[in-house]
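Below: the structure, in structure tokens.
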Amino acid sequence: MAPADEMEDTPSVCDAAVHRAALRPVALAGRLQCTSSSTDQEAASLFESYKQTPELLSATSAAELPQPGNEAATSSKRKACDDEGDVPMDVDARRPFGPSAAEMFVAEACRRRDRCPKGQLVLLCGGHVAACALGDVGLALYNLRQPGSARILACGAAVLSLCPVQGGGSAESMLLASNAAGGLLLWRISFTDDGFPAGELVSRTQPEEGFSGEVWTVSANLVEGAGVVAVAHRSIVDDTPDQQSSTLLSEVLVLTFSESSAKLVARLRGSRPPQAASCSAHSSGSGSNPNGGVEVEVEVVLVSESSGFAPSGIAWAVEEDTGLATIVRISETECQAKSWALPHGDLLAAWASGPNLAVLIGKGRQGSATALQISVGDSELQLSHCEEIPGLAACASAREKLTCLLPSQEGRLFALVEVNAVSVFRHPEGQALAATASLQLPSTGLGYEVLGAAATDHVVAALTPTELVWSTVDLTAHPKQRPAPKKKASQEKLPMGIDREALLRMLDMGGKIDPASAWCSFVHVHSVKLGWSHHFGRLVIRDFVQDPSAISHVLNENLRVG
């Protein structure tokens with residue numbers, strides 16, 4: 001399909017001009033509560049630790065990344081092939097002064113990773129295709145079943161972030177990409193007859209007039225009756241008249257994509273960018289719209305740290321030290337938003353899980369993390385599932401350079417992504433020991449930087465400055481159980497043949513026994529075992545009865561002489 005020349009931007013209540021008074025945070029609709037089941041708590045109590053299990057990950061496979069080349073030549077080739085797809089890359093050309101093109105590529109990739117850590121590498125087509133955001137190089141596609149060279153897709157400007165469209169199959173997937181010119185592109189990814197991945201541009205937006213800033217993908221869903229509903233965000237300056245200084249806000253864009261056009265349906269604002277979103281749509285039941293079609297209401301659920309979202313000109317909820325979930329209902333005539341606070345704790349991760357949204361909440365170094373499923377009820381959000389994952393929050397908090405925590409969509413695997421390492425943790429699922437392993441990264445002259453990562457229940461992949469590396473996952477691999485500790489001889493017998501049971505009975509009497517009688521009994525029984533004569537034993541007893549303090553003198557003198 002030919003891309004649309006312009007993005008439709010129809011006026012709606014969300015974009016209507018409103019009086020901008022001093023906006024104050026609005027009250028929350030409530031706090032979502034979660035209670036773990038007794039079975040879940042019992043399973044968590046059985047957990048001991050994560051244990052290194054190399055069998056969890058297979059041997060690492062790798063494919064080289066196309067290296068940045070001459071900027072002018074690359075730019076002209078990209079312009080000529082903008083809508084065609086394939087862009088040949090040149091060999092890295094070093095500059096006479098300053099950083100090389102490869103070093104600048106890594107620096108820019110790290111900046112993109114810091115802005116959108118989950119959007120630099122995504123897995124498509126059932127985990128068989130890896131899509132990489134490579135900035136000026138373009139959008140690279142790799143077939144993980146047949147490692148080889150990349151298929152490069154041009155996106156009109158530097159590719160900033162990627163997002164898979166939820167609802168795709170194993171043979172064909174859809175992908176949303178954003179670029180540095182403020183554009184969003186919807187691609188259809190499939191395999192050619194020769195087994196290589198190929199991309200077809202379905203639809204695209206155009207930068208808004210007067211705006212050429214960066215836009216970052218959040219989520220996209222294939223929704224029946226509404227096409228692809230996508231969520232993206234960008235940074236804007238707060239233009240509230242009473243602001244004393246410039247403040248950066250996050251503007252969320254909700255769009256719908258069809259086969260030939262893209263339509264902006266809502267703009268929302270908040271203090272911080274969303275970490276994840278899920279989208280759905282249904283008939284509003286109010287009849288047909290003015291264009292003759294059935295009116296569809298779009299529902300978007302957003303999760304962010306400490307901030308809710310609201311249409312432009314309306315205040316949004318703010319709650320420090322906790323995550324907030326916001327439901328936005330968008331129709332042809334109105335846009336409404338309402339926010340709930342998540343249970344207290346650190347928002348470790350958030351991701352789309354089918355039609356619902358899943359979040360992972362930890363409590364610092366206390367150990368366990370709580371996985372929650374957020375679903376949409378008749379008029380509010382609700383928690384449909386709550387599960388404890390022991391030890392995961394402690395593992396995350398122990399990593400100072402953690403960039404993101406990536407759960408697989410099914411939640412059986414968790415990848416802790418650092419700036420120079422990727423560690424994979426298996427869900428304990430009631431076992432005392434759970435497997436963990438590290439993805440082997442290549443050693444290059446550009447360091448061990450991890451520019452992006454992605455994980456499913458079957459494959460874990462990482463993007464490095466020079467290579468794409470991945471390993472398959474064996475969920476049947478379990479750590480070896482520790483053997484039961486053997487009792488030491490010192491635990492079975494006391495020194496000098498003392499009767500353990502008799503000693504314990506004496507101690508349990510709680511001071512009711514006469515110390516002199518106890519000492520006399522001890523000396524009579526053990527004088528032979530200690531090598532003392534009976535005469536010496538009687539002396540010890542006599543001196544103790546007459547003067548208990550003299551016993552140490554008698555013992556020391558006789559032991560010294562003997």
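The values are calculated or read from the model by the stated rules, or taken from the named source; none is laboratory data. Treat the numbers as computed from the prediction; the structure is a model and nothing was measured. Using ideal geometry, Cβ is built from the backbone for each residue, glycine included, and neighbour counts are taken over all protein chains shown. Ligands, DNA and RNA are excluded from the accessible area calculation, which covers all protein heavy atoms including side chains. Shrake-Rupley method; radii C 1.70, N 1.55, O 1.52, S 1.80 Å.
Listing for the model above:
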{"quantity": "Most to least accessible of His344, His233, His385 (protein chains only, probe 1.4 Å)", "calculated": "His344, His385, His233"}
{"quantity": "Note, ³J(HN,Hα) from phi for the range 107-123, Karplus 6.51, -1.76, 1.60, rounded to Hz, x at Gly and Pro", "calculated": "4, 5, 5, 5, 5, 5, 4, 5, 7, 8, x, 8, x, 8, 8, 9, 10"}
{"quantity": "Full-stretch length increase - Ala502, Thr476 - with 0.36 nm per residue and alpha-carbon distance subtracted", "calculated": "4.2 nm"}
{"quantity": "Projected label distance in nm at Arg145 and Asp457, using a 7 Å step from Cα toward the beta-carbon", "calculated": "1.9"}
{"quantity": "Virtual spin-label span in nm between Arg115 and Ser61, 7 Å along Cα→Cβ", "calculated": "3.2"}
{"quantity": "From the C-alpha gyration tensor of the range 103-180, square roots of 5λ in Å", "calculated": "21, 14, 11"}
{"quantity": "Largest-first principal axis extents of the Cα set of the range 334-453 (Å)", "calculated": "55, 40, 24"}
{"quantity": "Extended-chain gain in nm, criterion 0.36 nm per residue less alpha-carbon gap, Asp238 and Glu48", "calculated": "63.5 nm"}
{"quantity": "Length released on extending from Ala432 to Glu295, taking residue separation times 0.36 nm less the Cα-Cα span", "calculated": "44.0 nm"}
{"quantity": "Rg(Cα) / (2.2 N^0.38 Å) computed for the range 366-423, rounded to two decimals", "calculated": "1.35"}
{"quantity": "Global form of the range 144-183, assessed from the alpha-carbon gyration tensor, a/c cut-off 1.5", "calculated": "oblate"}
